[in-house]
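Everything on this sheet refers to the single structure shown next.
The values are calculated or read from the model by the stated rules, or taken from the named source; none is laboratory data. Just so you know, these numbers come straight off a predicted model, no measurement behind them. Heads up, the Cβs are rebuilt from the backbone with ideal geometry, glycines too, and the neighbour counts pull from every protein chain shown. Each accessible area value is taken on the protein alone, full model and side chains, heavy atoms only, with ligands, DNA and RNA left out. Shrake-Rupley method; radii C 1.70, N 1.55, O 1.52, S 1.80 Å.
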Amino acid sequence: MSHSESALDDTTTARPDTAETGQGGAGRRDAGGGTWRAGIRRAIRIGSRPGPWRRGPVLAALALLLGLVMLLHARITDRGGLGSLVETCLPWFGLFVPVLLAGAVRRRSASAVAALLLPVTVWLNLFGGLLGDKSHPGADLTVAGHNVGADNPDPAGTARDLAASGAQVLALEEITPQAKPLYEKELAEAYPHHTVQGTVGLWSKLPLSDTRPVDISMDYGPLADTKTADVKMAYNRALRTTVATDRGPLAVYVAHLGSVRVFPRNGFWTESRDRGAQALGEAVAAERNERVVLLGDLNGTLDDRAFAGITARTHSVQDAAGDGFGFTWPAGFPVARIDQILVRGVEPVSSRVLPATGSDHRPVAAGIRW
């Protein structure tokens with residue numbers, strides 16, 4: 001073999017090595033490029049994921065809506081009784097807060113948690129003052145009120161329970177003609193002074209004077225003026241009297257306002273109740289006695305706009321000296337305080353809900369002082 005052939009063989013033999021080396025470098029470059037592109041895609045995916053402030057926009061919106069409903073409840077239209085219904089249920093709106101909070105935690109939504117600060121702040125501003133016990137001793141007079149219930153199966157037992165409360169002044173609402181003699185008999189020993197005006201009455205250990213019915217517009221319309229006083233008195237639902245205390249006269253009002261109803265087509269019907277609340281507010285406003293106590297089943301909570309005329313001139317003993325919300329209805333599982341004691345010119349020192357009787361309402365009692 002010649003020297004030139006040997007060189008040719010060496011050259012030919014070396015080419016595959018050179019080709020392989022070139023292909024291997026390209027493979028390494030391709031692998032490096034693939035890793036780089038995968039890194040970019042991974043970064044894009046991470047960047048496109050919603051952060052904690054972008055998660056749960058619906059939950060955040062619901063939280064803000066809840067807060068605004070509570071904050072602006074007085075501006076909600078009362079068409080179909082919507083405003084009154086919302087205000088009656090207002091304390092219970094706070095139950096939506098833990099529900100929304102659980103959803104926010106599950107979604108890890110910082111925006112929803114932040115939005116919940118609005119309803120929490122509003123709810124605490126409205127009702128936070130009711131969460132502690134504000135009662136203290138030193139009452140000059142104890143008053144109590146109870147819607148005894150027209151369907152009460154044990155009026156005599158209810159009367160004995162109320163007498164045992166120790167109240168010096170006791171107001172009853174929804175007294176039926178059949179039950180009236182039973183209440184008078186059972187309460188006669190503890191309360192030597194009493195008056196019954198239609199379906200409401202007042203029993204007192206102290207003398208009464210200047211007693212009269214109060215017109216709360218239960219009977220209205222073109223035929224109202226044609227009815228005699230006896231007919232109207234049969235279903236009269238409010239009275240006013242003066243209790244003679246050792247610290248001076250005390251004007252006491254007892255009232256049972258019209259019922260409310262929920263109708264599928266008409267919504268929350270409050271016309272009778274609202275009309276009575278306005279008339280009762282006007283009567284209290286015209287009262288000349290500086291010291292006034294109002295006891296009654298108002299068929300609504302004091303958050304309801306319908307009672308603005310009453311609450312503008314009196315204040316709730318439960319708000320001032322109670323413990324908690326003081327719910328009274330229904331008796332089995334109370335969800336609203338519709339049985340009220342309001343005062344003017346005296347200081348509430350205690351307010352409490354008494355144990356259930358045979359009525360569908362629970363009694364309420366309060367201690368006041370001058």
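Residue pairs whose Cβ atoms lie under 6 Å apart, sitting 6 or more positions apart in sequence or on different chains, and linking a residue in segment 238-263 that is modelled with pLDDT of 95 or more to a partner that is surrounded by fewer than 14 Cβ atoms within 10 Å (Cβ to Cβ) and in a loop (DSSP other than H, G, I, E, B), are ALA244/PRO207. Highlighted here are the helices (runs of 4 or more DSSP H) found entirely within segment 52-140 that include at least 2 residues which are of a type in the set (Lys, Arg): 96-107.
In segment 242-301, counting only strands (runs of 3 or more DSSP E) that sit wholly within it, the ones holding 1 or more residues that are open to solvent by less than 10 Å² (accessible area, probe 1.4 Å) span 248-256, 292-297. On the stretch given as segment 349-368, residues that are outside any strand (DSSP E or B) and in contact with a strand residue (DSSP E or B) (Cβ under 9 Å, 6 or more places away or on another chain) total 7. Consider segment 310-348 and keep the residues that are part of a strand (DSSP E or B) and in contact with an Asp or Glu (Cβ under 6 Å, 6 or more places away or on another chain). The one that is surrounded by the most Cβ atoms within 10 Å (Cβ to Cβ) is ASP339.
Determine, yes or no, whether THR314 is on the phi < 0 side of the Ramachandran plot, touching a Lys or Arg at 6+ places or on another chain (Cβ under 9 Å) and either of a type outside the set (A, V, I, L, M, F, W, C) or at pLDDT below 95 (or both). Break it down into steps so the answer makes sense when it comes.
On the way: on the phi < 0 side of the Ramachandran plot: yes; touching a Lys or Arg at 6+ places or on another chain (Cβ under 9 Å): yes; either of a type outside the set (A, V, I, L, M, F, W, C) or at pLDDT below 95 (or both): yes.
When the stated conditions are applied, THR314 passes them.
Got at least one residue in segment 137-147 being farther than 30 Å from THR270 by Cβ and at pLDDT below 95? The answer is yes; a qualifying residue exists. Looking only at segment 139-167, which residues are closer than 21 Å to GLY326 by Cα, open to solvent by 20 Å² or more (accessible area, probe 1.4 Å) and of a type outside the set (Val, Ile, Thr)? Across segment 139-167, the qualifying residues are ALA139, ASP161, ALA163, ALA164, SER165, GLY166.
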